[in-house]
Amino acid sequence: KAGVTQTPRYLIKTRGQQVTLSCSPISGHRSVSWYQQTPGQGLQFLFEYFSETQRNKGNFPGRFSGRQFSNSRSEMNVSTLELGDSALYLCASSLTSPNEQFFGPGTRLTVL
Amino acid sequence: QQPVQSPQAVILREGEDAVINCSSSKALYSVHWYRQKHGEAPVFLMILLKGGEQKGHEKISASFNEKKQQSSLYLTASQLSYSGTYFCGTQRSNDYKLSFGAGTTVTVRA
């Protein structure tokens, strides 16, 4: 069974640009959650999607958005990048919630 | 609201025991425990739903005290493979949002 995949694995952007990250969940998993991980803040919840619907959202500015497609693949977008957006972005999939979440390897975003 | 984990770090010798605590000021629906090794993604250990149940994973077990809104993770007879950062994640209700604590770094030495 293939695990959660995230692309790209590494990304370097400059302030003001926008970025789109992609997550493919484990086959059959319909719930996808996104997290931002930084050394100082730990794992911060961004949002959760199930069957193309956003069911909850964390305390992040509107520059952070996401969506889920009918095949459960998910994307998150960050517009007008700031230096503080540099982080590891993790997505996790599960069958339902609450349930065991399987994390992808993450996308390391560096904003210069 | 993020749960509070303690201690922030612990160093053990193989075979020693340790307890990691996770506390919330709000009523909880469930507590999740994950372990993340350096450079890797977090890996699921266990979920505890309200009801005070205790679960186990190898020689790692956990409890959930609903009255205190606190969960404890017990590392028994630690092995080198137990090294990593342990995160607790809490759900206040069945709202699909998992809030993680800052993590507890465990180092097990031979």
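Within the range B:17-30, count every residue that is surrounded by 21 or more Cβ atoms within 10 Å (Cβ to Cβ) and either at the interface with chain A (Cβ under 9 Å from one of its Cβ atoms) or free of Cβ contacts under 8 Å to residues at least 60 places away in the same chain (or both).
Number satisfying all stated conditions: 1.
Out of curiosity, is B:A41 within 11 Å of chain A (Cβ to nearest Cβ), buried (at least 20 other Cβ atoms within 10 Å of the Cβ) and within 25 Å of B:V108 (Cα to Cα)?
yes
Would you tally the residues in the range B:63-100 being crowded, with 18+ Cβ neighbours inside 10 Å, without any contact (Cβ under 8 Å) to a residue 40 or more places away in the chain and touching a Lys or Arg at 6+ places or on another chain (Cβ under 6 Å)?
Number satisfying all stated conditions: 1.
Can you pull out the residues in the range B:78-110 that are under 19 Å from B:E14 (Cβ atoms) and within 14 Å of chain A (Cβ to nearest Cβ)?
Of everything in the range B:78-110, those that are under 19 Å from B:E14 (Cβ atoms) and within 14 Å of chain A (Cβ to nearest Cβ) turn out to be B:G84, B:T85, B:Y86, B:T104, B:T105.
Can we say B:A62 is part of a loop (DSSP other than H, G, I, E, B), at pLDDT 90 or above and not polar (S, T, N, Q)?
no
Just checking, which of A:T80, A:T7, A:T107 is β-branched (V, I, T) and closer than 30 Å to B:L48 by Cα?
Selected residue: A:T107, the only one of A:T80, A:T7, A:T107 that is β-branched (V, I, T) and closer than 30 Å to B:L48 by Cα.
Look through A:G58, A:G106, A:G66 and report the one residue that is surrounded by 13 or more Cβ atoms within 10 Å (Cβ to Cβ) and at pLDDT below 95.
Answer to the check: A:G58.
Of all residues in the range B:9-41, count the ones that are within 12 Å of the chain's Cα centre (by Cα) and part of a loop (DSSP other than H, G, I, E, B).
Count: 0.
A:R108 fails exactly one of the following numbered conditions: (1) under 13 Å from the mean Cα position of the chain (by Cα); (2) at positive phi. What is the number of that condition?
(2)
Hand me the list of strands (runs of 3 or more DSSP E) wholly inside chain A holding 1 or more residues that are within 14 Å of chain B (Cβ to nearest Cβ), charged (D, E, K, R) and free of Cβ contacts under 8 Å to residues at least 60 places away in the same chain.
A:42-50, A:53-57
The values are calculated or read from the model by the stated rules, or taken from the named source; none is laboratory data. Since the model is a prediction, treat every value here as computed from it, not as a measurement. Here Cβ is always computed from backbone atoms with ideal geometry, including for glycine, and neighbour counts include all displayed protein chains.
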